[in-house]
Every structure is written in C-alpha cells, then in structure tokens.
Amino acid sequence: MDDAWEVAGRRFGSRLVVGTGRYRDLPETAAAIEASGAEMVTVAVRRVNLSDTSAPMLQDFVSPDRYTYLPNTAGCHTAQEAVRTLRLAREAGGWNLVKLEVLGPPPFLYPDMAATFEAAAALIGDGFEVMVYCADDPVAAKRLEEMGCVAIMPLGAPIGSGMGVVNPYMIRAIKAQAKVPVLVDAGIGTASEAAFAMELGCDAVLLNSAIAHAGDPVRMARAMKAAVVAGREAFLAGRMPRDYRADASSPMGGMIRP
Amino acid sequence: MEASITVTVNGQEHALPTMASVAALLTRLGLDGRKVAVERNLAIVPRSIWASTPLADGDALEIVAFIGGG
C-alpha cells in the first residue's frame, strides 16, 4: 500500500523523522537510524573541532546521499542566530529544506514564538523551505502556514521530556485546519505515544531522545517504526465510537435455555 | 621572517602567510572541504570562491559542519 506523504515537493514513504543527536557514538547513531526506517533525519550545525580534524564525521555514518538531511537551529535563541546558522547549513550541504526552532530558556526550552515568526519571515524571504517547530497553538500554527512554512511541527511536550502528547485536542485542531503537513515534534517518550500522535491524524512524527536514550536504542527504533505504521493504519481505519456502557460482542440469539 | 597575518578561526587565533586564501587555510587545518561551510566576517564564502578569496589580517572565520542533533 502506498501511503507516502509529501513536504515541499519531496515524497517520503516513512512517516517517522528522527534526530541524530544524543547517541553514544556514531556507529550507534547509524544503526538506530537504519532500524527506524526513517528517510529524513535532523542534524545540527556546529563549529568543526580544529584540534582533531581527522575525527569521523556524521556524514561518514549517516550518508546525505541516502537520508534527507534536515538542518536545525538547535541552540539558537534569537532569529538572527537561526538565520545565520541555516545559511551556513545551506552552504555546507546545498539544502534549502530546514527545521526552524527558536527556543526560550531552560527548564522548558519552549518555542519562542515571537522570535520564531521573525526568523521564519527572514528564512522564507531568503528562499528556504521552513519546517517549523512551534507551540501547540492553533492561531500561531495557522499564521506560520500563511507566512509560507512548508510544515507545522507543534510540540507534544517539552524537548527531551518524554512526556508524550500532553495536549492532544490542540494537536488535532492544528491538523484539522492545516493544508500543509503537521508533525508532532518533541515530547514522544515511547512507542504508544508515537502511535497516539499518528492516531490524531498527524502526517508524521519527529523524535530523537525516545530512541537515543532508550535502554536499547536500536530496538526502540524498530518499535517506533512499527508504532508509527500502526498509528497511521488505525487513523485511516477509523476507530470505533467510545461509550461508557457495554455493547456485547456475542449475539444473544440462540442461547440454550434450561 | 616571512610576513604574516593573524586571523581568528572558530574563536582561536591562527598566524598565516599573507595572501593565504580560504582554500589554503582549510588545507592547512586538514579539513575535508566537502563537509564544511565557511563564514568570513559574518558573510558566507561560497565553496566556488574559496581558492580566490584572500584572507586579511584580523579576519574572523567560522568553519562549521553537521553533527548529530534533534
């Protein structure tokens, strides 16, 4: 069954997008991403280590020829930093599809929406195709879409918190009004939560720590792959209605009588 | 003594011969040019002009690459 999704004219069979951070080492990163079945991976942009320029690099283990790199703006707290970072990313890789995230301070690293709007406008004006991490706020989400963002990515819960999708009604509301793909980004902690996000109707799920910080990352990557497929299938199948009363599964006709 | 300039690369000072290019700096640092991007005084230096872009005394450069991230 072909159930691909599209963002900015690019087609993906897998509805799981994974981060490449927080693994023990690059071989573990490569193995987990392979097991996840993801076709798009997020990456960060940082200064090269000039004291050891022969150290292996991410591209040696996670090939940009095989995976679509989605450069992020992790660590940026202002629109200027975010734009500067992604201009460098575009030069390093030649990609214009990017993940914008402008974060507020710890302990929540909540999306700074004023700075996010400012950075999104600058990036779109500069020719980027912006997938945007944002608050679970349907008004803000609609405005980002109207500005020209190519995907809306509300948080399920704070980054790295593993709290799941804490505001499912607003995620559903954001999806219901959107004409571009909606991804739950951040907060997913385990497979059932990824399935739940897909059951809400999201186009895809983006996660990193849930795999990287699992006891066995490769096994969790397989679990997430299955969960996203299961959640998507359940959404398409259409769940049965809820009722607090019972509704017997076995027919009452033909019962034996004393 | 050979004339030299001082540039700052990723926050560290480096002495280079005068007229050194961006390409020469990358070679000197042992970097694989296919995996990095260069910014000079806050402006991107496209890969296509690395060899023809001379560095000047006091230049501030950032050389970045992709690492794992979420």
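Derivation of every value follows stated rules applied to the coordinates shown; laboratory data play no part. Computed from a prediction, not measured in an experiment: that's the story for all the values here. Methodologically, a virtual Cβ is constructed for each residue, glycine included, from the backbone with ideal geometry; neighbour enumeration extends over all protein chains shown.
Measuring against 21 Å, Cα to Cα, the residue pairs A:LYS142/A:LYS225; A:LYS99/B:LYS35; A:LYS225/B:LYS35 contain A:LYS142/A:LYS225; A:LYS225/B:LYS35 as the ones spanning a longer distance. The residue among A:VAL182, B:LEU29, A:ILE159 whose Cα reaches farthest toward the positive pole of the charge dipole of the protein assembly as shown, with charges on the beta-carbon of Lys, Arg, Asp and Glu, is A:VAL182. Between A:ASN96 and A:VAL139, what FRET efficiency follows from the Cβ-Cβ distance if R0 is 35 Å, with the result rounded to 0.05? According to the calculation, E is roughly 0.80. Each other residue within a Cβ distance under 13 Å of B:LEU31 adds +1 if Lys or Arg and -1 if Asp or Glu, for a net charge of +2.
Each of B:LEU55, A:LEU206 was scored by other Cβ atoms within 10 Å of its Cβ. Listed from fewest to most, they are B:LEU55, A:LEU206. Distance from the Cα centroid of region A:1-28 to that of region A:210-258 is 24 Å (rounded to whole angstrom). Neighbours of A:MET198, meaning other residues whose beta-carbon lies under 13 angstrom from its beta-carbon, give a summed charge of +1 when Lys and Arg score +1 and Asp and Glu score -1.
The calculated FRET efficiency for A:ASP25 paired with A:MET240, based on their beta-carbon distance and R0 = 45 Å, is about 0.50. Summing Lys and Arg as +1 and Asp and Glu as -1 over all other residues whose Cβ lies under 14 Å from the Cβ of A:ALA230 gives a net charge of +1. A cut-off of 5 Å between modelled amide H atoms, ignoring neighbours fewer than 5 places along the same chain, links A:LEU97 with A:GLU129. If you take every DSSP beta bridge fully contained in region A:48-179, what fraction is antiparallel? Give it as a percent rounded to 5. Taking every DSSP beta bridge within region A:48-179, about 10 percent pair in antiparallel fashion. Pairwise Cα distances in chain B exceed 19 Å in 28 percent of cases.
Summarising the label geometry, the points placed 7 Å from Cα in the beta-carbon direction at A:THR78 and B:GLU13 lie 2.6 nm from one another.
In this structure, A:HIS213 and A:ASP126 have a Cβ-Cβ separation that, at R0 = 45 Å, corresponds to a calculated FRET efficiency of about 0.85. Computed from backbone phi, the HN-Hα couplings of region B:11-16 come to x, 10, 7, 10, 8, 10 Hz, rounded to whole numbers (Karplus: 6.51 cos²θ - 1.76 cosθ + 1.60, θ = phi - 60°; Gly and Pro given as x).
With the simple model of a label 7 Å out from the Cα in the direction of the Cβ, B:ASP32 to A:ASP247 spans 5.9 nm.
What share of the DSSP beta bridges in the protein assembly as shown is antiparallel, in percent to the nearest 5? Beta bridges within the protein assembly as shown, antiparallel portion: roughly 50 percent.
Can you give the longest run of chain A that contains no chymotrypsin sites (Phe, Trp or Tyr not before Pro) sitting in a DSSP loop with at most 13 other Cβ atoms inside 10 Å? Within chain A, the longest run free of exposed chymotrypsin sites (Phe, Trp or Tyr not before Pro) spans A:109-243.
Please determine, in degrees from 0 to 90 and to the nearest 10, the orientation of helix A:26-36 with respect to the longest principal axis defined by the Cα atoms of chain A, where the helix direction is its Cα long axis. Between the helix axis and the principal axis of chain A, the angle is about 30 degrees. Before anything else, pin down the relative contact order of region A:10-100: Cα pairs under 8 Å, at least 6 apart, normalised by residue count, whole percent. Relative contact order here is 27 percent. Residues A:ASP203, A:ASP2 in ascending order of nearby Cβ atoms (within 10 Å, fewest first): A:ASP2, A:ASP203. What's the longest piece of chain A with no exposed trypsin sites (Lys or Arg not before Pro), counting a site as exposed if DSSP puts it in a loop and it has at most 13 other beta carbons within 10 Å? After excluding every exposed loop site, the longest remaining stretch is A:67-178.
For the protein assembly as shown, the ratio of Cα radius of gyration to the globular rule of thumb 2.2 N^0.38 Å stands at 1.17. Based on DSSP H segments of at least four residues, each scored -39500 (n - 2.57), chain A has a per-residue ellipticity at 222 nm of -11500 deg cm²/dmol.
For peptide A:39-47, the mean count of partner chain Cβ atoms within 10 Å of a residue's Cβ comes to 5.
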